[in-house]
Amino acid sequence: MITLKKEDGPADLDGVTHLSIGVSWDPTAGSSGGMMGMLRRKSGTDLDLIAIAMQDGDPVRLAGLDSLDPMGNGSLVHSGDNQTGRGDGDDETVTVEFARIPPNITSIVFVAAAYKKGSSFQKARNISFKVYDATGGSSQQVADIWPSLLTQDNGCAVAKVVRVGGAWKLEVINTTGKIKQGNEHALMRFAVSK
């Protein structure tokens, strides 16, 4: 298992036909202890993993939020919205089947966002991203991406896969920024800037 960093540069995905990226987090009480802290941990915080399919530099499809299969062919599939971060394992995942991605899609950007009002990275802890090789029907974790989220920002462009000829490469972005909560256009502009 390796931890991928931005400095590592693009990784070839030779032989990988299905790739999954998962995010997990735990709710935190923030600075509140006692009963209020316990209630905040119980209600959790809603982070979102969103995959934005790009045609050249233009966002054309979004997997996440309320769109679980934006291509309509199973090539880019979101697992669904976990609104609390409670439970073990990945809270949200996106799976890409490269052979079924339409040829006009040149890259897919994976963004984690505290997208809904009242959510923030500061209300979550132990945030991590896992990269899986899901080729052959079983998922094997091959890498971790640990984002730097010590920030007041509410968005993190985690990684992107880029089509290079007939192959795909995975690049770690790990860059934070502000996204207007509840605004899909702001989310897409954020992805385009990465």
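The values are calculated or read from the model by the stated rules, or taken from the named source; none is laboratory data. Keep in mind that what you see is a predicted model, and the values were worked out from it rather than measured. Neighbour counts run over all protein chains shown; Cβ positions are idealised from the backbone, glycine included.
Return only the number of the condition from (1) part of a loop (DSSP other than H, G, I, E, B); (2) in contact (Cβ under 8 Å) with a residue 24 or more places away in the chain that Lys180 does not satisfy.
Of (1) part of a loop (DSSP other than H, G, I, E, B); (2) in contact (Cβ under 8 Å) with a residue 24 or more places away in the chain, only one is false for Lys180: (2).
For the stretch 174-182, indicate whether the set of residues that are within 28 Å of Arg100 (Cα to Cα), buried (at least 16 other Cβ atoms within 10 Å of the Cβ) and of a type in the set (A, V, I, L, M, F, W, C) is non-empty. Walk me through how you get there before you give the answer.
Initial filter on the stretch 174-182 (within 28 Å of Arg100 (Cα to Cα)): 174.
Adding the requirement that they be buried (at least 16 other Cβ atoms within 10 Å of the Cβ) leaves 174.
Restricting the remaining residues to those that are of a type in the set (A, V, I, L, M, F, W, C) gives none.
No.
Can you say whether Pro103 is at pLDDT 95 or above and within 26 Å of Asp12 (Cα to Cα), as far as the supplied structure shows?
Details: at pLDDT 95 or above: yes; within 26 Å of Asp12 (Cα to Cα): yes.
Taking the combined requirement at face value, the residue satisfies it.
Considering only residues that are of a type in the set (Asp, Glu) and more than 13 Å from the chain's Cα centre (by Cα), which ones fall in the stretch 120-164? If you could, list the steps in order and put the result at the bottom.
Here is the first cut: in the stretch 120-164, the residues of a type in the set (Asp, Glu) are 133, 144, 153.
Across the stretch 120-164, the qualifying residues are Asp133, Asp153.
Conditions tested, residue by residue: (1) over 26 Å from Asp66 (Cβ atoms); (2) in contact with a Gly (Cβ under 8 Å, 6 or more places away or on another chain); (3) outside any strand (DSSP E or B).
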site: Val111; (1), (2), (3): no, yes, no
site: Tyr115; (1), (2), (3): no, yes, yes
site: Ile127; (1), (2), (3): no, no, no
site: Val142; (1), (2), (3): yes, no, no
site: Leu170; (1), (2), (3): yes, no, no
site: Thr175; (1), (2), (3): no, no, no
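In the stretch 128-158, how many residues are surrounded by fewer than 19 Cβ atoms within 10 Å (Cβ to Cβ), β-branched (Val, Ile, Thr) and within 19 Å of Ile50 (Cβ to Cβ)?
1
So, in the stretch 41-61, of the ones that are farther than 17 Å from Leu19 by Cα and in contact with a Pro (Cβ under 7 Å, 6 or more places away or on another chain), which residue ends up modelled with the lowest pLDDT?
Arg41
How many of the residues in the stretch 1-40 are among the basic types (Lys, Arg) and either modelled with pLDDT of 90 or more or in a strand (DSSP E or B) (or both)?
Step one: of the stretch 1-40, the residues among the basic types (Lys, Arg) are 5-6, 40.
Subset that is either modelled with pLDDT of 90 or more or in a strand (DSSP E or B) (or both): none.
Count: 0.
So how many residues does the stretch 110-138 have that are within 16 Å of Ala186 (Cβ to Cβ) and touching a strand residue (DSSP E or B) at 6+ places or on another chain (Cβ under 6 Å)?
Number satisfying all stated conditions: 4.
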